[in-house]
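Data first, discussion second: the structure below is written as structure tokens.
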Amino acid sequence: MVELRSGIGPHLFVVLGATGDLMHRKLLPALFQVSADDSLRQKVVLLGVARADLDDGRFRESVHASLTAAGVGADDPRRGWADEAVHYQRLDPAHGVGFDALLARIQEVERDHQLPGDRVFYLALPVDTIADILAGLGAAGVAHGPGWCRIVIEKPFGRDLESAEELNRQLHASFQENQVFRIDHYLGKETVQNLLVFRFANMLFESIWNRDRVANVELTVAEDLGLEDRAEYYDRSGALRDMLQNHMTQLLTLVAMEAPATATGDSIRNEKVKVLQSIGPVSPDDAVFGQYVAGGSGATAVKGYLDEKGVAPGSNTETYAAAKLSINNWRWQGVPFLLRTGKRMPSKSTRIVVNFRRPPVMFFQSEDATDLAANRLMIMVQPDEGFELAFELKPPGHALTMQTHRMHFLYSEAFGPLTDAYQTLLTDIMRGDQTLFVRGDEVEAAWRVYAPLIASPPPIQPYPSGTDGPARAAELAQRNGVIWSTD
């Protein structure tokens, strides 16, 4: 269970989109783990909001079903939270159930539970519905209750720079930036959070974390699955919007940022923004887009993207994206950052690989030794969270030869199962800690980096399902001195 930090008081947690997949697959299990803790049992009250015509009882039945699917036993005494502190309110302005009714229900629940008027609004909704929701919440005055108010927005934060700027304007019409929590669940993963500690608490690495010692950096988010049930969303988004512009670029900023002045949320996010402002716009010549086609045979045969249910005929949506980014600042000038993400790749893996430079003097060649491999640090974000350092040594014997060996650290071996990322992030929302959340200017700066690829995308390259992506992605990496890591 997540370590519950100080600063969480009684409040109402309102989820708009409470009948959707995100709510029942991710948010409810995480909210249950946080809220069912003895110290918070009477503090977190949940109000689910959606268009469906439900009452408290029927909504609670669906909550219990979701908890069962998440592995919570039927006899778990903590399930009482779902009956004591979970409520439902219909919101369907087209049928006369609008935001005034929502505000009245919020006030009723707060009175019944003796809450002080502190509120979280989590928008678990499609991006094209958010503008109307924000306008309705603002007009009803829910952001100006007796206590504090926070609003949570799921990615994607817009579809391009222009729409991201408009979304920020809509948010700021009713909410201050310190009320807004743009959630990226990758930032809640323990390995990602530990990047700051790993870098800035260990002088062994921080002293060589620069262009003098680092040859290049790879970031990979590989998925072995296809669309599952996300065709409607994914075919309008693609790999760039779904992964590259947000999750992966956030990882890049944590790898490349300077040490913040303090450990506060704004101080850390200031340094992330500086990294994004130092990245030149990505040229289409420095990017590769791909789309998976049928692969395998017999029982292992996998259909291609265009044959997936819900995909538009002839769709040019990319299921693979790779790009070379350059950070034009004192620390990283001349060091290529290679990013790639794709569906239907050989295995699921998220990793950061820091490839250090080779030794400048190869005096071992006179002894007919094998070539020295460069040292390499691999940061494994999922599924086997941890770190691995590859280094050279001489095996026993008379001949002067070298072998690459690896030292590793796995969180599971040291600490056991890790806390779910949503659980960590929901706890921080309740505390009001914005450190792991994306600021408005971060969003806009990230979209500026990829604006050329949106305006003029590179041609789609086919790649068979189960492979590492298009051949041109390997060529892009090789042009920049990189051979994509495979383990």
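Observations, loosely collected:
- Only listed residue being within 19 Å of residue 244 (Cα to Cα) and free of Cβ contacts under 8 Å to residues at least 60 places away in the same chain, chosen from 445, 474: 474
- Hey, residue 269 farther than 18 Å from residue 187 by Cα, part of a helix (DSSP H, G or I) and of a type in the set (Lys, Arg) or not: no
- Condition broken by residue 169, with the remaining ones in (1) modelled with pLDDT under 90; (2) exposed (fewer than 15 other Cβ atoms within 10 Å of the Cβ) satisfied: (1)
- Counted residues, region 186-220 - those being modelled with pLDDT under 90, of a type in the set (Ser, Thr, Tyr) and under 20 Å from residue 332 (Cα atoms): 1
- If you go through region 253-309 and keep only what is farther than 25 Å from residue 452 by Cα and among the charged types (D, E, K, R), you end up with 258, 266, 303, 307, 308, 309.
- Residue in region 160-182 that is among the β-branched types (Val, Ile, Thr) and under 23 Å from residue 381 (Cα atoms) present: no
- Output for region 308-317, where each listed residue is farther than 11 Å from residue 227 by Cα and surrounded by 10 or more Cβ atoms within 10 Å (Cβ to Cβ): 312, 315, 316, 317
- Of all the numbered requirements in (1) within 30 Å of residue 203 (Cα to Cα); (2) of a type in the set (A, V, I, L, M); (3) without any contact (Cβ under 8 Å) to a residue 24 or more places away in the chain, residue 259 misses one, and that requirement is (3).
- Tally of residues being in a helix (DSSP H, G or I), of a type in the set (Gly, Ala, Ser) and assigned by TED's automatic domain parsing to the domain that holds residue 111 across region 140-176: 2
- Listed conditions (1) surrounded by fewer than 22 Cβ atoms within 10 Å (Cβ to Cβ); (2) touching a residue at least 24 places away in the same chain (Cβ under 8 Å); (3) farther than 19 Å from residue 125 by Cβ; (4) of a type in the set (Val, Ile, Thr) are all met by residue 19, apart from (3).
- Filter pass, residue 456 being touching a helix residue (DSSP H, G or I) at 6+ places or on another chain (Cβ under 6 Å) and surrounded by fewer than 18 Cβ atoms within 10 Å (Cβ to Cβ): yes
- Verdict on residue 228 being outside any helix (DSSP H, G or I) and touching a Leu at 6+ places or on another chain (Cβ under 8 Å): no
- Test: residue 115 is buried (at least 18 other Cβ atoms within 10 Å of the Cβ) and under 23 Å from residue 21 (Cβ atoms): no
A quick yes/no check of all residues on (1) over 18 Å from the mean Cα position of the chain (by Cα); (2) closer than 19 Å to residue 429 by Cα; (3) among the small types (Gly, Ala, Ser):
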| position | (1), (2), (3) |
| --- | --- |
| 158 | no, no, yes |
| 171 | yes, yes, no |
| 180 | no, yes, no |
| 184 | no, yes, no |
| 190 | no, yes, no |
| 196 | no, no, no |
| 199 | yes, no, no |
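- Flag for residue 103 being touching a residue at least 60 places away in the same chain (Cβ under 8 Å) and over 19 Å from residue 157 (Cα atoms): no
- Qualifying residue in region 314-332 (condition: without any contact (Cβ under 8 Å) to a residue 60 or more places away in the chain and acidic (Asp, Glu)): no
Conditions (1) in a helix (DSSP H, G or I); (2) farther than 21 Å from residue 31 by Cβ; (3) touching a Lys or Arg at 6+ places or on another chain (Cβ under 7 Å), marked per residue:
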site: 67; (1), (2), (3): yes, no, yes
site: 80; (1), (2), (3): yes, no, no
site: 103; (1), (2), (3): yes, yes, no
site: 109; (1), (2), (3): yes, no, no
site: 117; (1), (2), (3): no, no, no
site: 122; (1), (2), (3): no, no, no
site: 128; (1), (2), (3): yes, yes, no
site: 132; (1), (2), (3): yes, yes, no
site: 137; (1), (2), (3): yes, no, no
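- In region 398-427, of all residues being in a helix (DSSP H, G or I) and in contact with a helix residue (DSSP H, G or I) (Cβ under 8 Å, 6 or more places away or on another chain), the one that is surrounded by the fewest Cβ atoms within 10 Å (Cβ to Cβ) corresponds to 411.
- Residue 53 vs. criteria surrounded by fewer than 19 Cβ atoms within 10 Å (Cβ to Cβ), over 29 Å from the mean Cα position of the chain (by Cα), part of a helix (DSSP H, G or I) and acidic (Asp, Glu): no
- Residue check, residue 74 touching a strand residue (DSSP E or B) at 6+ places or on another chain (Cβ under 9 Å), at pLDDT below 90 and farther than 30 Å from residue 233 by Cα: no
- Number of residues in region 276-307 that are over 17 Å from residue 464 (Cβ atoms), surrounded by fewer than 18 Cβ atoms within 10 Å (Cβ to Cβ) and among the charged types (D, E, K, R): the value is 1.
The values are calculated or read from the model by the stated rules, or taken from the named source; none is laboratory data. Bear in mind the structure is a predicted one, so any value in this text is a computation, not a measurement. Neighbour counts run over all protein chains shown; Cβ positions are idealised from the backbone, glycine included.
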